[in-house]
1. Just how large is the dipole of region 306-367 about the Cα centre, in debye to the nearest 20, putting +1 at every Lys and Arg Cβ and -1 at every Asp and Glu Cβ?
2. Can you list residues from other chains, or at least 5 along the same chain, whose modelled amide H is less than 5 Å from the amide H of residue 199?
3. Using θ = phi - 60° and the Karplus relation 6.51 cos²θ - 1.76 cosθ + 1.60, list the HN-Hα couplings for region 344-360 in order, rounded to whole Hz, with x at every Gly or Pro.
4. Using the Karplus equation 6.51 cos²θ - 1.76 cosθ + 1.60 (θ = phi - 60°), what ³J(HN,Hα) coupling, rounded to whole Hz, does each residue of region 70-87 give in order, writing x for Gly and Pro?
5. Cα atoms only: what Rg and Dmax, in Å, come out for region 9-384?
6. Quick one: which residues, 5+ away or cross-chain, put their amide H under 5 Å from the amide H of residue 57? H built at 1.01 Å from N.
7. Ranked by accessible surface with a 1.4 Å probe, highest first, in what order do 181, 361 come?
8. Report the charge-dipole magnitude of region 9-384 in Debye, nearest 20, computed about the Cα centre from +1 at each Lys and Arg Cβ and -1 at each Asp and Glu Cβ.
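The values are calculated or read from the model by the stated rules, or taken from the named source; none is laboratory data. None of the values given here were measured: they were computed from a predicted structure. Note that we place each Cβ from the backbone using ideal geometry, even for glycine, and neighbour counts take in every protein chain shown. Note: areas computed on protein heavy atoms with side chains; ligands, DNA, RNA excluded. Shrake-Rupley method; radii C 1.70, N 1.55, O 1.52, S 1.80 Å.
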Amino acid sequence: MTLSLFSRYEIGPYLLNNRMVMAPLTRSRSRQPGNIPGRLNAFYYAQRASAGLIITEATQIAQQGQGYAWTPGIYSEEQIEGWRLVAESVHDAGGLIFMQLWHVGRISHPALQLKGALPVAPSAITPTGMAFITNTRGDPEFVPFVTPRALETDELPALVKQYVQAAKNALSAGLDGIEVHAANGYLLDQFLNSSTNLRTDAYGGSIENRARLLLEVVGAVGRVCGSERVGVRISPLGTFNDMGDENPEALFAYVAEKLSGLDLAYLHVVDPSYGGHQTTDEPDPRGLAIMAMIRERFAGTLMVCGGYTLERAQDAIQTHKADLVAFGRPFIANPDLPERLRTQSPLNVADPATFYGGGVHGYVDYPTLKQLNGEEGLPDFSVFEAG
Ligand code: 8OZ
């Protein structure tokens, strides 16, 4: 049988209907106060349940882990109940959904922290750029990052416990699995990269030491969830959130090899070949090489993400460069993306102005093909107006 984006794929106990994954996408639309997912979010995810697998937007494991206004958490009772509604809605629509667990580390601001505390990080190094917060009137605002506080060594076990508790909460809410977010310049990536980790304890210095926290988190979460329900996301060569490493090839060779022994659901790589967060025409040779190296070192399921088109996704699957392909922007704008790709139909184009914050518009009102053809009516969005 020829491999295809449209063929089924088994991960752990799950049979995915296709190899198209809905990438984790921050949309900043949780209910306030309390960063609680609700009916609107459940509707959005259920609309996209034809994905082989959905990965939720990054979800903070604790208040300390929040870095952007209105992102959801998975540490309060109300949040767990909210996620239960999301999971049920996706399952009712025939889908599977993993939760991406997130701690932003230094990519935060006192305005998002308990009692205005400083954000925490491996080392007290200020990121360049701006934090997305809400001001005292509750309006969104961009403000410069502050210098984070370096975590004490004896704080790290409690941090690992927060990941474990968040994972338990997610499974108890009915989510099908966990993705540990170790990409894009957030806390675990800050530990991995030499530019953000100047520690002199067992969690800094050598590659082994810098990878220690990630491996402890993944090991601990795997022990409570079953490793076959746990994926990990990394972003080698990533520069988003002011990141960089002195030897990313050596770092990610080690990380891929170590994770390979853990029987994970998958390794999810933000593919730097085409620019990661951006899309360019010419692949970067260094990006291609690091992806090939990771494929070689990691024995399990490899998921890739980053500006993939139908053609490039099919090529990646057919030439065994990857097993699953995650789509971000295309899934924002096309709730029926698998059907559109299968039938090579035109795609709706995502509007960046509605990516973060807001309500129905730019979130659940992108039409399906059937709605465009008049075969299906539009949903009644008024039910979401009350929140
Ligand atoms: C864009 C805006 C806010 C958050 C990531 C969670 O890069 C994010 C994110 C991206 O992984």
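1. 120 debye
2. Here the answer is 205, since their amide H atoms fall under 5 Å of that of residue 199.
3. Taking θ as phi minus 60°, the curve returns 6, 8, x, 9, 5, 9, 6, 9, x, 5, 10, 5, 10, x, x, x, 4 Hz for region 344-360.
4. Couplings: 6, 7, x, x, 9, 10, 9, 4, 5, 5, 4, 4, x, 5, 4, 5, 4, 4 Hz.
5. Gyration radius and largest Cα-Cα distance of region 9-384: 19.5, 63 Å.
6. The list, which skips near neighbours in sequence, is 25.
7. So, going from the largest accessible area down, we get 361, 181.
8. That gives region 9-384 a dipole magnitude of about 420 debye.
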